[in-house]
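What follows is a short report on a single structure.
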Amino acid sequence: MSGSPRSDPRAAPAVAQSLDLEVIGRWRSVVEAAYAGARALEDPNVRGAVEGTIAELDQGRLRVAEKSAKPEAESAGEWVTHGWIQQAITLYFRMRVSTTHQVGPFEFHDKVPLKRNLAAAGVRVVPPGVARYGSFLEPGVILMPAYVNVGARVGADTLVDTWATVGSCAQVGRGVHVSGGVGIGGVLEPPQSRPVIVEDHCFLGSRAVLVEGVLIEEGAVLGAGVVLTASTPIVDVTGASPVVTRGCVPPRAVLIPGTLPKEFPAGTFGTPCALKIGERSASTDRKTSLNQALRTFGVPV
């Protein structure tokens, strides 16, 4: 996961160590051909490639997006999206029919089953929390009555609080606090579109909304009600003059909701933005650093 040593014993094995690269290449070729309409969904090889891909997603041995391991300075550490895996998820929906699942007093009627063997995975899911098959939860995840969609990945020791949603293919790092009602958007099409990515040790305040592939870098703090799309201005107000960026929240930044004036025919009105009002300490004690940031900047949680 982002910001974590590759030697972390809880990390899912790298694809090259856990899967035959030849098999992956063959799956990719078959999936891409089927998605383009060049191979029929009824083809047993298509079904095998699609179902194999989803099974490996479910076990954490494949993932939709990951940081580049290339040594080149310009690419190392950049997030790479595997569009063919998004295609495989889309084909999986097309290939399946809805069936009824009974879980205690709850009944579901859907194309995708729920994750299983949660205790063995070291994951706690509080009823009626739902993680779909094809998502992956690392050990120590706590999922309150919340929702994790197919293709998403949630890192170790992350809390997904009540009524929060982690959309299809979204990537959430380790030690993240996803507060109640947070909406992390999903993406499947067009393939190769970057999903929402939240790196390690971030704090997402209540009712924050992240969509359109925004990137929240390690240790950032988002106050309650912050809404970020790809085009939402992120205004750094810590200097002598404002600096506007979009689509990426820098490491350890502390954000709160704000507005910018905009002229319309009917007059001047405030339009949404996010204000960067400071930075969280780079302290090695992340919990202390987070609490200090919340107190220092009066961030609503």
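Bear in mind that the values in this text are calculations on the coordinates, not laboratory data. All values reported here derive from a predicted model rather than from experimental measurement. Cβ coordinates were reconstructed from backbone atoms using ideal geometry, including for glycine residues, and neighbour counts include every protein chain displayed.
Using modelled amide H (1.01 Å from N, peptide plane; none on Pro or chain starts), what sits under 5 Å from the amide H of Thr259, excluding residues fewer than 5 places away?
When sequence neighbours closer than 5 places are left aside, the close amide H contacts are Cys273.
Compute the FRET efficiency between Ala69 and Tyr133 as 1/(1 + (r/R0)^6), taking r as their Cβ-Cβ distance and R0 = 30 Å, and round to the nearest 0.05.
About 0.60, to the nearest 0.05.
Given the Cα-Cα distance of Thr162 and Lys287 and 0.36 nm per residue of separation, how much length would full extension add, in nm?
42.9 nm is the gain from fully extending Thr162 to Lys287.
Quickly work out the Ala38-to-His109 label distance, labels modelled 7 Å from Cα along the C-beta direction, and quote it in nm with one decimal.
Each label point is offset 7 Å from its Cα along the Cβ direction, giving 3.9 nm.
Could you run the Karplus curve 6.51 cos²θ - 1.76 cosθ + 1.60 with θ = phi - 60° over the stretch 94-105 and give me ³J(HN,Hα) per residue in whole Hz, x for Gly and Pro?
For the stretch 94-105, the Karplus curve yields 5, 7, 9, 10, 5, 10, 8, 10, 9, 10, x, x Hz.
Between Ser231, Ser168, Ser135, find the one with the highest GNM mean-square fluctuation for the chain; connect C-alpha pairs within less than 10 Å.
Ser231
Tally Lys and Arg at +1 and Asp and Glu at -1 over the other residues with C-beta under 14 Å from the C-beta of Gly278: what net charge comes out?
Residues near Gly278 contribute +2 overall.
In a Gaussian network model over the chain where Cα atoms closer than 10 Å are linked, find which of Pro242, Pro105, Pro127 has the largest mean-square fluctuation.
Pro105
Using the beta-carbon distance between Thr268 and Val301 and R0 = 30 Å, what value does 1/(1 + (r/R0)^6) give for FRET efficiency, to the nearest 0.05?
Step by step, r from the Cβ atoms, then E = 0.45.
What number comes out for the charge environment of Pro250, summing +1 per Lys or Arg and -1 per Asp or Glu over other residues with Cβ under 15 Å away?
In short, -3.
Counting helices only, and only those DSSP H runs with n ≥ 4, report the 222 nm mean residue ellipticity of the chain as the sum of -39,500 (n - 2.57) divided by its residues, in deg cm²/dmol to the nearest 500.
-6500 deg cm²/dmol
Given H placed 1.01 Å from N in the peptide plane, which residues other than close sequence neighbours of Leu114 have an amide H under 5 Å from its amide H?
Tyr133
Post the alpha-carbon centroid distance, the stretch 192-227 to the stretch 240-255, in whole angstrom.
13
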